[in-house]
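Comments concern the structure below.
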Amino acid sequence: MKRLLIRPGGIGDVIVSLPALEWLKTDYTEVWVPSATVSLIQFADKVVSISASRIDMLTDGFVQRFQQFDEVHSWYKSNAEKLLEINKNCHFYPLLSDSDDHACDVCLKQVGGPLGLRPKIAVRSVARETIVMHPFSGSDRKNWSYANFEELAKRLPLPVEWAQARFEDLLDLGEWIAGARLYIGNDSGITHLASAVGAPVLAIFIQSEPLKWAPDRAKVLRNPSVEHVLHAATELLACGRR
């Protein structure tokens, strides 16, 4: 069985779909994802960026290659009808869902996988006595005030390292985050990355629904004050010493 998996979307979208993608692993599995997330796909035989696949161009070379797959499972639907003409064994899934299930379980249900699986990305890390903070996300509406992050950084008991623009490769960023004592960030792809690599995560949610989008094992705070985040961070750091 030669199977192709196509998963567009942001960093967080790709990460929450990792359990479903890995569930679909077969004899030969090729995955097409956005270029920024290529390094995060660890289970596949081959990983290609969607832009490099030429899926929008449908050249003769693309058609020949696409026809070689026994099955295609795709969340990319821009030219679904044409792709289905090229390969009849295409299965298309919606990117968005009205379900109240966690985003990971939504993807798992789509492909018939077992519910409850969560993303895990293997990294090697070197422990540091620091706290990593990432004050951004894909939408300003999801962001806790930057001034709050700055105030929090002054009051935390360990030195703060800021994650933005630290590494070009997400796997390198994940490895670096995993070495810290704690990660604090908004509802973002980088926060999902921090959880997937095993870092202790304190996630701040402003608008999103944590039941659907909270990273695995994360401590989630809804619209908190600086004092609230400081208290939660101190508790998590104390737990880590035991």
Asserting the computed 222 nm helical MRE of the chain (DSSP H runs at least 4 long, -39500 (n - 2.57) per run, divided by residue count, to nearest 500) equals -9500 deg cm²/dmol
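Check every DSSP H run in the chain and write down those whose alpha carbon atoms cover 20 angstrom or more along the long axis and whose mean Kyte-Doolittle hydropathy is 0.5 or greater. The partial results should precede the final answer.
Working: long enough: 226-241 (23 Å, 0.54).
Length and hydropathy pass: 226-241.
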Length gained if SER35 through LEU211 is fully extended, taking 0.36 nm per residue and subtracting the Cα-Cα distance, is 60.5 nm
In nm², the average projected area of the convex hull spanned by the Cα atoms of the chain is 13.6
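Remind me, relative contact order of region 2-111 in percent, using alpha carbon pairs under 8 angstrom and six or more residues apart? Write down the numbers at each step before the final one.
Details: 160 pairs, mean separation 33.3, N = 110.
That works out to 30 percent.
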Expected sort for 223-229, 36-42, 94-100, 190-196 on mean C-beta neighbours within 10 Å, highest first, is 190-196, 36-42, 223-229, 94-100
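Between rounded, prolate and oblate, where does region 2-111 land on the alpha carbon gyration tensor, with a ≥ b ≥ c its root eigenvalues, rounded for a/c under 1.5, else prolate if a/b exceeds b/c? Provide the component values of the computation, followed by the final result.
Numbers: a/c = 1.58, a/b = 1.41, b/c = 1.12.
It comes out prolate by the Cα gyration axes.
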Dividing the mean separation of Cα pairs under 8 Å (6+ apart) by the residue count of region 114-242 yields a relative contact order in percent of 28
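If each residue's Cβ is checked for other Cβ atoms within 10 Å, how do PHE149, PHE69 rank with the fewest at the top?
With the sparsest Cβ surroundings first, the list reads PHE69, PHE149.
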Ordering 209-222, 55-68 by per-residue average of other C-beta atoms within 10 angstrom, highest first, gives 209-222, 55-68
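Readers should treat all values here as calculations from the given coordinates under stated rules, not as data from a laboratory. The shown structure was predicted, so the numbers you read here are calculated from the model rather than taken from an experiment. In this analysis, Cβ positions are derived from the backbone assuming ideal geometry, glycine residues included, and neighbour counts consider all displayed protein chains.
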